[in-house]
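The values are calculated or read from the model by the stated rules, or taken from the named source; none is laboratory data. Worth saying up front: this structure is predicted, and the values here are computed from it rather than measured. Glycine gets a Cβ as well: all are built from the backbone with ideal geometry, and neighbour counts include every protein chain shown. Side chains included, ligands, DNA and RNA excluded: accessible areas come from the protein's heavy atoms. Shrake-Rupley method; radii C 1.70, N 1.55, O 1.52, S 1.80 Å.
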Amino acid sequence: MKFSRNITIGQYIYQNSLIHKLDPRVKILTTILVIISLFLIKSWFGFSIIALYLFINIFLSKVHPKFVLKGIKPLIIIIIITLIIHFFTTPGEVIYHIWILNITKEGIQRGLFIAVRLFLLIVATSWLTLTTSPIALTDGIERLLSVLKFIKVPAHEIAMMMTIALRFIPTLMEETEKIIKAQMARGADFESGNLIKRIQNFLPIIIPLFINAFHRADELAIAMEARCYRGGEGRTHYRKLMISIADQIFFITTLFVILIAYLVVL
Amino acid sequence: MGLPNPAIKKGINTLIKFSNVTHFYNDGQENKITSLSEINFEIQKGDFIAIIGANGSGKSTLAKHINGLLLPSQGDVFVENYNTKDPENIWEIRKKIGMVFQNPDNQLVATTVEDDIAFGLENIGMEEEEMKERVDWALNIVDLNELRNSEPHLLSGGQKQKVVIAGALAMHTSYLVLDEPTSMLDPKGRKEVLEITKRLNQEEKITIIYITQFMSEAAEFNKIILLDKGKIILSDYPKAIFKKVDLLIKLSLEIPQITKLARQLSENGLNIPTNILKEEEMMEYLCLYI
Ligand SMILES: Nc1ncnc2c1ncn2[C@@H]1O[C@H](COP(=O)(O)OP(=O)(O)O)[C@@H](O)[C@H]1O
Ligand SMILES: [Mg+2]
């Protein structure tokens, strides 16, 4: 059992590119718009427009496409399952018959369509997380959500929770590794036995981890209070966000592309 | 080095005063604990003080009283004439007093070094330009400029504590309270943190209150306060404290190696003071015998 050293959270790849310099709020919003459009678009032409748009974005961001593919890998199974389910369950013109199952022409079309939709969804979100640092992402989310203050969305609290989670996940992972090693040194065995036995074996790891996490939370709260923390009220931001001309052009272009993809039916 | 600390320039007579402070945990319950009892002392501007005492003697409780994280059950704590009991003063007090705790992992909030240093400044609502200046200034003082974009979990323990110190410096703190800041560090980290603490006292004129279990560290300070069971039992110069080696041993405090050696030599008939704290000093006395 081994965790990689120097764990970094998220998949952010630093590059000096136009895309990296965009305001995180603009990137989050455009990603949301692209996701929505992927659910609304009904034509292959629309998908190809969005695919082209995403391809250009990734190209401009100078992030190697292999990182995008890496993000798709864990979800490939889900895509394949979706594909197969649609192949067999859509009624229509039967083109192939195995045992009691029928593959229909409509099924293949529909399955492929949904698979491509999933694929593009993953590419769009990967593009966002690959080109936006976790800090920028949290800052962006906080500021976008604070627009919703009037319906009592706790924007600052959500952002603070994300920040602390990002800050502590590596620490907790290191700690898990230490506890596992300590338990293994005492002869604990995590690899054999049936499922219930194995889950039982993990209790001596999870319990100390939880107790320590609460302890950490306690100390962190005290340290934050000592540093004048008293919630989001009257708080300023170290990182200033600014909508530049480039942001505006990017946003308008995206809107335009989405409209074309949605409206033009060939 | 960059901007001076304006808290010093103002020339106010910085002062912390504990007046008859008693503190109970779980007051009114069966498991009530008297963690501090009738503590009286004053800290003057520019002081360089160590607080020592065995585990559970009340050191951390005392530290948390200085900036109002805990309030006295009886008596008062004053920081420059602000009473910590008055809720109106609490943020003013916390701005003046920087705190460094034991576990370097549980104090950093943000995901990069510079964002963490800015955390306190964001909390007090500082404007962005001034924040940038202060962060740069603090990073320079603790010499972590190269690591400004690093994630905290990739730093060594000593570096993490330096980030915490820089966070306090950025607030232009006039006092730094360090509660066993080195007890979880390796020897190198320990040395670095102690060095920087000294430098801040000498160059930035920051008043230091340094809690430690290491007598070798305490020996470096101008004054030592010895706590036992929530009471101050000694408050004196290191030389005077280390004369009472028996008492320190009784309180299960760890004595510096060099002082132990001096004591053994003295017991064996050599004419050597038993409160030697530095190797050079020992050399001088030993040279008399050659
Ligand atoms: N949160 C708490 N609740 C109850 N008792 C506490 C708490 N924190 C500390 N104590 C008790 O108060 C006494 C002083 O503790 P502390 O100030 O942490 O000592 P030190 O820092 O010198 O080790 C100890 O007896 C300890 O058990
Ligand atoms: Mg303590």
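Scanning region B:13-35 for residues that are open to solvent by 60 Å² or more (accessible area, probe 1.4 Å) and closer than 19 Å to B:Thr207 by Cβ, we see that the one that is nearest to ligand 2 (Cβ to nearest atom) is B:Lys17. Of the residues making up region B:36-67, those that are more than 9 Å from ligand 1 (Cβ to nearest atom), open to solvent by 10 Å² or more (accessible area, probe 1.4 Å) and part of a loop (DSSP other than H, G, I, E, B) are B:Lys45, B:Gly46, B:Asp47.
Quick grid of which residues meet (1) part of a helix (DSSP H, G or I); (2) modelled with pLDDT of 90 or more; (3) open to solvent by 20 Å² or more (accessible area, probe 1.4 Å):
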site: A:Trp127; (1), (2), (3): yes, yes, no
site: A:Ile135; (1), (2), (3): yes, no, yes
site: A:Leu144; (1), (2), (3): yes, yes, yes
site: A:Met173; (1), (2), (3): yes, no, yes
site: A:Ala188; (1), (2), (3): no, no, yes
site: A:Glu191; (1), (2), (3): no, no, yes
site: A:Gln200; (1), (2), (3): yes, no, yes
site: A:Phe214; (1), (2), (3): yes, yes, yes
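For B:Asn89, state whether it is modelled with pLDDT of 95 or more, within 30 Å of B:His23 (Cβ to Cβ) and either open to solvent by less than 30 Å² (accessible area, probe 1.4 Å) or within 7 Å of chain A (Cβ to nearest Cβ) (or both). It is false that B:Asn89 is modelled with pLDDT of 95 or more, within 30 Å of B:His23 (Cβ to Cβ) and either open to solvent by less than 30 Å² (accessible area, probe 1.4 Å) or within 7 Å of chain A (Cβ to nearest Cβ) (or both). Taking the residues in region B:65-80 that are in contact (Cβ under 8 Å) with a residue 60 or more places away in the chain and either of a type in the set (S, T, N, Q) or in contact with a Phe, Trp or Tyr (Cβ under 7 Å, 6 or more places away or on another chain) (or both) as candidates, determine which candidate is nearest to B:Lys162 (Cα to Cα). Going through the qualifying residues, I end up with B:Asn67. B:Gly269 meets the conditions (1) in a helix (DSSP H, G or I); (2) over 20 Å from the mean Cα position of the chain (by Cα) in every case but one. The failed one is (1).
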